[in-house]
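Let me begin by presenting the structure, written as structure tokens, before commenting on it.
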Protein chains: 2
Amino acid sequence: MNIGQAAEASGVSAKMIRYYEQIGLIEPPARSQSGYRVYAEPNVHTLRFVRRARSLGFSVEETGALLALWRDRSRASADVKTLALKHVAELEEKAAALQAMAATLRHLASHCHGDKRPDCPILDKIGSPN
Amino acid sequence: MNIGQAAEASGVSAKMIRYYEQIGLIEPPARSQSGYRVYAEPNVHTLRFVRRARSLGFSVEETGALLALWRDRSRASADVKTLALKHVAELEEKAAALQAMAATLRHLASHCHGDKRPDCPILDKIGSPN
DNA sequence: CTTGACCTTCCCATGATGGGAAGGTGTAGC
DNA sequence: GCTACACCTTCCCATCATGGGAAGGTCAAG
């Protein structure tokens, strides 16, 4: 399987596959005589793992840690859980920050007439000298 | 006022002030004979506006649009409100995405024993072949 | 044997921010 | 006036994850 098929099969773009290889997140695959990367099913499985970890918001570095645990058959599930819950806390913190911004702005907007006149509590507040 | 004092007074770092000037978000300030940037109160006011807009999650580009409206005394408040509500929607969308990740992961973690054994539904799920 | 789809590596760009180097300026204390 | 130190200037580099694209090699179908 060439990189294009591996990309198709895993949902990770060819560009990203090369990048993940370059930074050492995944193992370099075999090469054909002409230098093409050749992927087998286990490689694709790893790529899917990476894609899913990324889609759960893990950074590439955290994904590397998860990958190491995944491959380590003598891992303690406590280590995985700790990593996961720490990440959950970070996600929730970021979500809360975004929601706080949204709430503030929504509140300001609710007091804005939204017509042709220039008076606007949104700008007033952002530009207030406090 | 030199850039250090302006940074202090506005809460925007000197590095960022220079950057905002470079990309055209803010006007280049006056210069002293020796080439130092010289800021007056209106400049600091603008910088504070920028800082607040950024802290509400507006991108630098959106901040530029807000700044233009802020300076335009014949603006329609509807334009500001539209911009703000569009941004609120984006913020809420991002927050929801983060929370969905957190919920998924929290759910998986709740099924993980978190002990010395290797069995772990978190890794199982991330690595599942689906 | 040509064509087109694929592959390779290499470089550049994004967005917002910080770090740091090399060198000039301004001021306080002696 | 001289020294020390804090500040300023510009310039380059790094981050994080991703995409774009160029220049050139490979492969399979017609």
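Things to note:
- Scanning region A:71-111 for residues that are over 30 Å from A:ILE122 (Cα atoms) and under 18 Å from the mean Cα position of the chain (by Cα) yields A:VAL80, A:LEU83, A:ALA84, A:LEU85, A:LYS86, A:HIS87, A:VAL88, A:ALA89.
- Just one residue in the set A:LYS116, A:LYS86, A:LYS125 is within 7 Å of another protein chain (Cβ to nearest Cβ) and surrounded by fewer than 21 Cβ atoms within 10 Å (Cβ to Cβ); that residue is A:LYS116.
Listed here are the residues, each with its yes/no results for (1) exposed (fewer than 13 other Cβ atoms within 10 Å of the Cβ); (2) hydroxyl-bearing (Ser, Thr, Tyr); (3) facing chain A (nearest Cβ under 9 Å).
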position: B:GLN33; (1), (2), (3): yes, no, no
position: B:GLU41; (1), (2), (3): yes, no, no
position: B:ARG54; (1), (2), (3): no, no, no
position: B:SER74; (1), (2), (3): yes, yes, yes
position: B:LYS94; (1), (2), (3): no, no, yes
position: B:CYS120; (1), (2), (3): no, no, yes
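- Taking the criterion of being within 16 Å of DNA strand D (Cβ to nearest atom) and either closer than 18 Å to B:PRO121 by Cβ or modelled with pLDDT under 95 (or both), the residues of region A:40-56 that qualify are A:ARG48, A:PHE49, A:ARG52, A:ALA53, A:SER55, A:LEU56.
- The residue of region A:1-24 that is farthest from B:SER128 (Cα to Cα), among those that are part of a loop (DSSP other than H, G, I, E, B) and near DNA strand D (Cβ under 9 Å from one of its atoms), is A:ILE23.
The values are calculated or read from the model by the stated rules, or taken from the named source; none is laboratory data. Everything numeric here is computed off the predicted structure, so don't read it as measured data. Note: ideal-geometry Cβ built from the backbone for every residue, glycine included; neighbour counts use all protein chains shown.
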